[in-house]
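Participant: Could you have a look at this structure, given as structure tokens, before my questions?
The values are calculated or read from the model by the stated rules, or taken from the named source; none is laboratory data. This is a predicted model, so every value here is computed, not measured. Note that we place each Cβ from the backbone using ideal geometry, even for glycine, and neighbour counts take in every protein chain shown. Keep in mind that these areas ignore ligands, DNA and RNA; they rest on the heavy atoms of the full protein, side chains included. Shrake-Rupley method; radii C 1.70, N 1.55, O 1.52, S 1.80 Å.
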Amino acid sequence: MSEQTQTQDEKNRVIIFDTTLRDGEQSPGCSMNLEEKLRIARMLDTMGVDVIEAGFPIASPGDFEAVSEIAKTVNNAIICGLSRAKAGDIETAAAALKEAKRKRIHTFISTSPLHMKYKLQMGPNSVIEAIHESVTLARNFTDDVEWSAEDGSRTEDDFLCQCVETAINAGATTINIPDTVGYAVPDEYYRQIKMLFDRVPNIDKAIISVHCHNDLGLAVANSIAGVQAGARQVECTINGIGERAGNAALEEIVMALRTRHDVMPYHNNIDTTMITKASKTLSTTVGFSVQPNKAIVGKNAFAHESGIHQDGMLKNAATYEIMTPESVGLNKSELVLGKHSGRHALKSKVEELGYELGDNSFQDLFKRFKELADKKKQIFDDDITALIEDEMATEHDRIQFVSLQVQAGSKGPQVAELEIEVDGEIKRTRVEGNGPVDAIFKAIREIEAHPDARLQLYQVHAVTGGTDAQAEVTVRLEENGRTVNGSGADADTLVASARAYIHALNKLMTKRGKGKPDVNP
Ligand code: KIV
Ligand code: ZN
């Protein structure tokens, strides 16, 4: 490779900054506990994410602990903590990041006229001063400081240039221009990023970053427009989770850049074959399944139903497939194990699917696998994945499902006999309901009272085809403005429903008392 090509290669390297654990986690129903955050962080690190925004340390003791544990654990990625332009925030972020091998402090302040007037109640000069002070303070703790102009896409050009120049002079090494409210359109956002390159005198001293929300469904298109205008960091989340309509989806950005490398010659460090697993792990962890037609990771993203398409595919897959399922780690679900498969076979399958389970979790998985094999003749990779994800998502929960007997049918009454373990103690009840699901949920409520919680969503999906397919159930609960999602998988839809409700309840209990002060960006 010639020196000139190498330079070009470096110039076209796009940094992938993942904010699943910060912007993603702060969105309704997506909260995660410490174990879950650590698992997601390790996964992001393994898949090659450059920067992991691990949280907002000042927001709550839970956020602080998560950032500091992730900082201790992760080996490769830069660990980033968010802070407002306040000394307390920055010092807290620095303390949480203390043990990171590579750390970044990310500080932000609003710059649009609307936000400055109503949210900050600050004039432009005070904002400039706050930028200078916050970045200068952050630089005392690390050389890697990112500064963001909140509501940047709705900020006036002259003032944005002044803010960016101030931040870079104070030592910011990355400048992020968020489309905070998902209002921009690609041409306009391209122009704005390009304008900064043309007008800010010290712009070459920082990496320009894009951070786009999806309110108009344009987050990925805007992010790519930003890269085409010269930005070399993209902020995104797995499955596009995030505030309101979400953030730009990591998998869409990465696969768009890879698939259309002919017109977008940019590269990054992501191992795309981990995308499917990352998406599944996140959706089970937060109990938030992706829509079937979601690009890259939806169930139908590589399905070809129409006869004409199937015919074309058989002749040449490229007729209707612009990227291979294998490139995102979606291998044809193999028929793998059956009733007679032993521990050894299951263990090899777990490893082959890319999971690591502790001894206790593996014992539980093996028990559930045997139960499933009794009910279901053919067990596929997807079945095993659903069981593993379910097991991993709930292994540290205080309330554990034990057993369920349900009396259902048209001749009522419908009755649930439920046995669960709460902090190691077995509790049982027998409850009648208006239908089996109602009876099960009432039984859980009777054992562990939570009168203020409301059921907001109950959703069932089949993991594979066939009437003996495992059910994957999602339950959403809301309590005093806090929303959580739980998921559960089982060959019996009612058992999966009980597991999903219990998972959501565990999350609600973790969230209680960990209320975030009003500091969310
Ligand atoms: O959307 C936004 O503006 C943000 C900033 C805090 C970076 O998330
Ligand atoms: Zn955001």
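Participant: Provide the convex hull volume over Cα atoms per residue for segment 333-393, in Å³. All intermediate terms of the calculation are to be shown ahead of the outcome.
Facilitator: Details: hull volume 4.3 nm³, N = 61.
Cα convex hull per residue, to the nearest whole number: 71 Å³.
Participant: With a point put 7 Å past each Cα toward its Cβ, work out how far Lys119 is from Asn12 in nm, to one decimal.
Facilitator: 3.6
Participant: In addition: Please list the radius of gyration and Dmax for segment 397-511, considering alpha-carbon atoms only, with Å as the unit.
Facilitator: In Å, with Rg to one decimal and Dmax whole: 13.6, 40.
Participant: What distance in nm separates the simple spin-label points at Lys315 and Lys442, each placed 7 Å from Cα in the Cβ direction?
Facilitator: Modelled inter-label distance: 6.0 nm.
Participant: For the chain, what is the relative contact order in percent, using Cα pairs closer than 8 Å and at least 6 residues apart in sequence?
Facilitator: This gives 11 percent for the chain.
Participant: Moving on. Amide H of His267: which non-local residues (sequence gap of 5 or more, or other chain) have their own amide H closer than 5 Å, using H built in the peptide plane?
Facilitator: Those qualifying (amide H under 5 Å, at least 5 residues apart or on another chain) are Arg13, Val14.
Participant: From Cα pairs below 8 angstrom and at least 6 apart in sequence, can you work out the relative contact order of segment 17-286, rounded to a whole percent? Provide the component values of the computation, followed by the final result.
Facilitator: Details: 585 pairs, mean separation 47.3, N = 270.
Value for segment 17-286: 18 percent.
Participant: Once you charge only the Cβ atoms, +1 for Lys and Arg and -1 for Asp and Glu, what is the size of the charge dipole of the chain about its Cα centre, to the nearest 20 debye?
Facilitator: 580
Participant: Which length gain, in nm to one decimal place, applies between Asn360 and Lys411 when the Cα-Cα distance is subtracted from 0.36 nm times their residue separation?
Facilitator: Details: separation 51, 0.36 × 51 = 18.36 nm, distance 4.13 nm.
Working it through step by step, the gained length comes to 14.2 nm.
Participant: Say a paramagnetic label sat at a point 7 Å from the Cα of Ser126, along Cα to Cβ; which residues of segment 81-103 have their backbone N under 18 Å from it?
Facilitator: 84-89
Participant: Would you mind working out the accessible area per residue for the chain, using a 1.4 Å probe, and quoting it in Å²?
Facilitator: With the other protein chains kept in place, the chain gives 44 Å² per residue.
Participant: Moving on to the next point. Are there any chymotrypsin sites (Phe, Trp or Tyr not before Pro) in segment 282-389 that are in a DSSP loop and have at most 15 other Cβ atoms within 10 Å? List them by number.
Facilitator: Tyr320
Participant: Roughly how many percent of the accessible protein surface of segment 208-311 is carbon and sulfur, given a 1.4 Å probe and a whole-percent answer?
Facilitator: 52
Participant: Determine the gain in length on full extension of the stretch Glu35-Asn76; use 0.36 nm per residue of separation and subtract their C-alpha separation, reporting nm with one decimal.
Facilitator: That works out to 12.8 nm of additional length.
Participant: Under a cut-off of 21 Å between alpha-carbon atoms, report the lysines in cross-link reach of Lys277, not counting same-chain residues fewer than 8 places apart.
Facilitator: Within the straight-line limit of under 21 Å, Lys277 reaches these lysines: Lys37, Lys294, Lys299, Lys332, Lys347, Lys349.
Participant: Counting only helical runs of four or more DSSP H residues, what would the 222 nm mean residue ellipticity of the chain come to if each run contributes -39,500 (n - 2.57) and the total is spread over all its residues?
Facilitator: When only DSSP H runs of four or more count, the value is -12000 deg cm²/dmol.
Participant: Next question, about the same structure. How fast does the chain diffuse by Stokes-Einstein, in µm²/s, taking the Kirkwood radius from C-alpha pairs at 10 °C and 1.306 mPa s?
Facilitator: Details: Rh = 24.5 Å.
Calculated translational D: 65 µm²/s.
Participant: At q = 0.12, 0.22 Å⁻¹, what base-10 log of I(q)/I(0) does the Debye formula yield for segment 1-88 when every alpha carbon is treated as an equal point scatterer in vacuo?
Facilitator: Debye curve over Cα of segment 1-88, log10 I(q)/I(0) at q = 0.12, 0.22 Å⁻¹: -0.42, -1.00.
Participant: Quick one: which residues, 5+ away or cross-chain, put their amide H under 5 Å from the amide H of Leu457? H built at 1.01 Å from N.
Facilitator: Residues meeting the criterion, in which the H sits 1.01 Å from N, are Arg476.
Participant: For His213, which sequence-distant residues (separation of 5 or more, or a different chain) have an amide H within less than 5 Å of its own amide H, given hydrogens modelled in the peptide plane?
Facilitator: Asp179, Gly182
Participant: What number, in percent, do you get for the relative contact order of segment 1-76 if the mean sequence gap of Cα pairs under 8 Å and at least 6 apart is divided by its residue count? Kindly include the intermediate steps, with their values, before the conclusion.
Facilitator: Values: 70 pairs, mean separation 24.4, N = 76.
Once normalised by length, the contact order is 32 percent.
Participant: Moving on. If you only keep lysine pairs separated by 8 or more in sequence, or across chains, how many in segment 54-126 come under 25 Å at the Cα atoms?
Facilitator: 9
Participant: A further question follows. Which residue, chosen from Ile440, Val463, Ile399, occupies the Cα position most advanced towards the positive end of the dipole of the chain, where the dipole is computed from +1 (Lys, Arg) and -1 (Asp, Glu) charges on Cβ about the Cα centre?
Facilitator: After comparing all options, I get Ile440.
Participant: Within a Cβ distance under 13 Å of Arg398, other residues only, what is the Lys/Arg minus Asp/Glu net charge? Mind showing how you got there, number by number?
Facilitator: Numbers: positive: Lys427, Lys507, Lys511, Arg512; negative: Glu35, Glu395, Asp397, Glu421, Asp423, Glu425, Glu448.
Computed value for this residue: -3.
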